[in-house]
1. If region 151-277 were replaced by its equivalent ellipsoid, with semi-axes equal to the square roots of 5 times the Cα gyration tensor eigenvalues, what would those be, largest first, whole Å?
2. Is the C-alpha gyration tensor of region 864-932 telling us rounded, prolate or oblate? Criteria: a/c under 1.5 is rounded; beyond that, a/b larger than b/c is prolate, otherwise oblate.
3. Taking R0 as 60 Å, what's the FRET efficiency between His428 and Leu938 from their Cβ-Cβ distance, rounded to 0.05?
4. For region 77-141, just say rounded, prolate or oblate: build the C-alpha gyration tensor, square-root its eigenvalues into a ≥ b ≥ c, call rounded for a/c under 1.5, and beyond that prolate if a/b exceeds b/c, oblate if not.
5. Once R0 is set to 45 Å, what does the formula 1/(1 + (r/R0)^6) return for the Cβ-Cβ distance between Leu631 and Glu468, expressed as a FRET efficiency to the nearest 0.05?
6. Could you pull out the pairs from Lys88/Lys244; Lys183/Lys364; Lys1016/Lys1043; Lys196/Lys675; Lys130/Lys1048; Lys182/Lys245 whose alpha carbons sit more than 21 Å apart here?
7. Among the GluC sites (Glu not before Pro) within region 167-245, which fall in a DSSP loop and have no more than 14 other Cβ atoms within 10 Å of their own Cβ?
8. Could you check how many percent of all C-alpha pairs in region 641-696 are farther apart than 15 Å?
Amino acid sequence: MQRWPVVLFLAWVCLLFFAGIGLFMSGFLLTRIELASSSSCSDPVVPPLWERQSLPPGSCWAPQRFSKAVLIIIDALHFEFAHFDPAKTSPLPYENKLGVLHQLATSQPRHARLYRFRADPPTATMQRIKGLTTGSLPTFIDVGSNFASYAIQEDNLLAQLVQNGRRVVFMGDDTWEGLFPKKFFRSYFFPSFNVKDLHTVDDGILQHLYPTVDSGEWDLLIAHFLGVDHCGHKHGPNHPEMAKKLTQMNEMLRSLVDHLGNDTLLLVAGDHGMTETGDHGGDSEKEVNAALFVYSRTPLFGSGPPEEPETVPQVNLVPTVALLLGVPIPYSNIGEVMAELFAGDSDAVSAALEQLSVYHINAKQVYRFLQSYSLVAQDLPAEQLQHLQELFSSAVEEHTQLLTQVHGTTVPPELKPRLGSLIGRFQHYLREARAVCTQSWARFHPLRMVGGCILIASSCLLCYMASELAASSQSLCCSCLLYPLFWGPVGAALLWLVHVFTQEGLDLLLVSSWAAAASQLGFFWHWWGRHLKRARLTGSQPPLASGGLRQRLRAWLGLAFPMGILFFRCGAMFSDSFVVAEARVAPFLLASLVMLLVGKLHWDGHLTVPEGPKQQLLGVSSYRREIWYLLCLVAMLLVCVRLSSFFHQCREEIPQCRPSVFLSPLASLRNTRAKNFFYLLCVALLAGLVYAVQSWLRHYGNLNSSDPLVLFVRWGFPLVVLCIACYWAVASSVDDSLGRLQELVQVAVVVFPRAVYGLASMGLLLLLCNPMTVFAKDTRELAGSIVTPYLGVPGSEVDFLHVIPQIYKRMQESQKSRLERGSCRATVAAYGLGSVYSAALVIALTLLGFLLMLLHSERLSFAFLLLFVEAFVLLHIQTCARGLARDAELFSVPWYAVISWLLAASQFFYSTGHQPIFPAIHWNAAFVGFHLDHSMNLLPAVLVGANTFASHILFAVGCPLLLLWPFVCEMSNSQRKKAKKESQEELQEVEEHMMEMRLRESPEEFSTALLRLGLKYLFVLGAQLLACVCAAMILRRHLMVWKVFAPKFLFESLGFVVSSICLLLGISLVMRVDCAVSTWFSQLRLR
């Protein structure tokens, strides 16, 4: 059997897809260019009004209004959390808890004000920190680095403060440590990634907050609280814990106000909001609607607050705080200054002149940035730049002319109406500039996008051609693999030489894509030349064109209905409504495919027995008995599909949707009786899964030996279930335990998951070392047994007449055997050899299932049970359908089986509580077995990825079962035929059950079958990926591109990577078992 060539060929095909994904992503998800320039006090942006008078000491660009500022960031502070409505008599847990803000705003209206603080998506914490400090807009791709924060090199508010000798003190979320290294005068960082921890960060801040404020050794104090955000992730906003956390924040603010001085500005802000489930990351109204509260002991506003709170973009905070503290605005800021904070106690005219001056500074700074950025990036539209320049020039010119007519603070009456108009013109310019930047930073690289699409499409074509051609050429992977491996490096070397001669920078992604394209061309060139040569020598047509017209038409019609379903699924990727509703589309397509399969079997006449003269006369036909078994399987599949819809997650685009109650952990249940009931039911499901797997292995003889793997299946599986059950028990009661018991529970929450990790790793290691689950028994003494085993009292004379011939026959067979082979040669009975390949895969899938269930909430074990049952039913449907159709190609898995397998994988992606959106990611999985923060980002990424793509992992690893299962089911099929054969006296022996050993009779066909199966799987995966890529490229200017199509593309790409790697692992495991079987037979011959 060719093992390594098959794995290497599939790995090469996967790399082709990876190169296409990387090339497209580099053109679709480009980050904007960050300018290295920074602002300074000497920049010529000071308006004419302040040029006439020298600025006070310590001020840059504008007079300093405050010497100190306190920025309190309450993570995920939704506006509704800060808004106080006295009319509500029965508020929700998150309502009317921050009463101190309402009290200050109503008692001191010129000192305090509440704003709607609108965040720019994506609403991940790191992107919001960048927006709050640079005044710029993070791009979509930056969301991927939320937990691998890179230091901000762009000019920012903290850098300006440090550059101008100010002291910045920070306490709270340790994300700031990676973003602003060596920028803090003093810092108190606390681990932030554990979303189950509600108190560590907040309690640590409260320990240092008031002493630091009272010490006065700071100019800007930043405190980033995380308890509200973590409470939302863990419990959701509508939970008593949220009321406790908001009450704690209220008391903190009440005490903090008493510690502030007259020269201090207090800012309380939320970096983003949260959904009804406590998540964030997208651009829904609840996620972008945060709160901002401003307070000072000295008057801030010239008039009272408006009836409805004003909406302020988050980027507006940066220029406002910079000018209030007397430092330059960061160079790349595109925010608009909050001019009402510069009114103070002065009269209306003086306040208007002050506001015009800060607007003048702000406009000059934004204009300078746009000019610099357009020279470097050259992606801002020239027409819009020209329009902005005209707006800026006219506003500045009018401002200069107006100031020439102003003497001090005295403004002629005829000029007063022009003040408000001029303020409006500056506002219009700043808002237009921000809109242009927002549109332009969604920029694309069309050539790379097209190149990525072509590379992915050609890889799909290669998969289809190779899967069809491998049937006619069993040495395809060996003969054709050398040419891509040669042409790939040659193409990369040529591109490298071009870069050397042109003295341009070398893009490794472009080089790898070029190498992938060159290797593809090498494969196609070699294949075309080879088959043309064969056609000349034999005088035949190429394989794709060979065969009669009827045969080819029949083959294409057989492909029509599975490929039609795949086409509809790919076509749905171009509709945002279908992508939003894909949780219902995928199960519908799976059910449709199975029903079409039954209909095709009926249309082809495979469900009826051949008609006799009587049936032809009556015009009726009788159905085969196997049809009822098939219909029962189809009914079971439809039931599983229907039940799986109860484990859904909701999207913001479907407001009437309510997420499944099964997604929440048992700890969120307040009813103790319901919690205990669901806990016992979940444990029973785990025990039932172990019992079913052990029964299946025992039925096929794979639990008879005493090898370490078999012993682990017997005793290790129940131990794993026990550890998971203990973990679920302590995790569901962690909030109810007190005192010393709380410490024990915290230890147990870590120990039990790690025990599961260790046991599962041990089981997988045993499986790799010795995957044989075969029991060999030496039957030398029993093989020639002459005495017929006692079967009970004979029931008739026929039984007596049957015994004597049997004894005589066995005497003849025993004597003949000893003469031919010698009496010293042992006869070996091997139990479990016929299902040795499937047994290894079933054991691996069970271990992976345990790990993945551990990473999900307890009640999602119901969904995993449905997953295993539905996969089992799909395997039997495929086997039954092929038996009814009398499919002679046992070594070829039909397309409908592969497509239905992948549709089930997509179905259970949604039925395990996931959606292709960032707010639906289960971040809690990163801390299953880890109480404190991780020291590196790789492990949490693996845990969260395994949780997200659990169905992809299980179905990809189990993909070889599509090939193996019909051979495993051979025994049960032959047993049904045995009764008929025994009734015929001339047939005295039943054919021996070879099962999966038939695969070893044709090792070349076995390896080719695995190759074809892998290529078909990659083709279907690639077709879905290609549809997402084309949809993202064609609809890149669509209104929903960043909300629907871009996240779908990212999740589909990651799902492809995970599925392809797991497919290679599953096929490699089959290869490993085959190697072990070969070794076992070699040792058997030596005995």
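The values are calculated or read from the model by the stated rules, or taken from the named source; none is laboratory data. Here the structure is a predicted model, which is why all the values come from computation and not from measurement. With ideal geometry, Cβ positions are generated from the backbone for all residues, glycine too; neighbour counts draw on all protein chains shown. All accessible areas refer to the heavy atoms of the entire protein, side chains included, with ligands and DNA or RNA removed. Shrake-Rupley method; radii C 1.70, N 1.55, O 1.52, S 1.80 Å.
1. Numbers: eigenvalues 137, 68, 31 Å².
After scaling each eigenvalue by five and taking roots: 26, 18, 12 Å.
2. Numbers: a/c = 3.58, a/b = 2.85, b/c = 1.26.
In terms of gyration-tensor shape, prolate.
3. Details: r = 48 Å, r/R0 = 0.81.
For R0 = 60 Å, the calculated efficiency reads 0.80.
4. Working: a/c = 3.93, a/b = 1.83, b/c = 2.15.
The shape class here is oblate.
5. Using R0 = 45 Å, I get an efficiency of 0.90.
6. On the way: Lys88/Lys244 19 Å; Lys183/Lys364 27 Å; Lys1016/Lys1043 31 Å; Lys196/Lys675 19 Å; Lys130/Lys1048 25 Å; Lys182/Lys245 31 Å.
Cα-Cα > 21 Å for Lys183/Lys364; Lys1016/Lys1043; Lys130/Lys1048; Lys182/Lys245; rest within.
7. Working: sites: Glu177, Glu217, Glu241; in loops: Glu217.
The qualifying sites are Glu217.
8. Values: 1017 of 1540 pairs.
The share of Cα pairs beyond 15 Å in region 641-696 comes to 66 percent.
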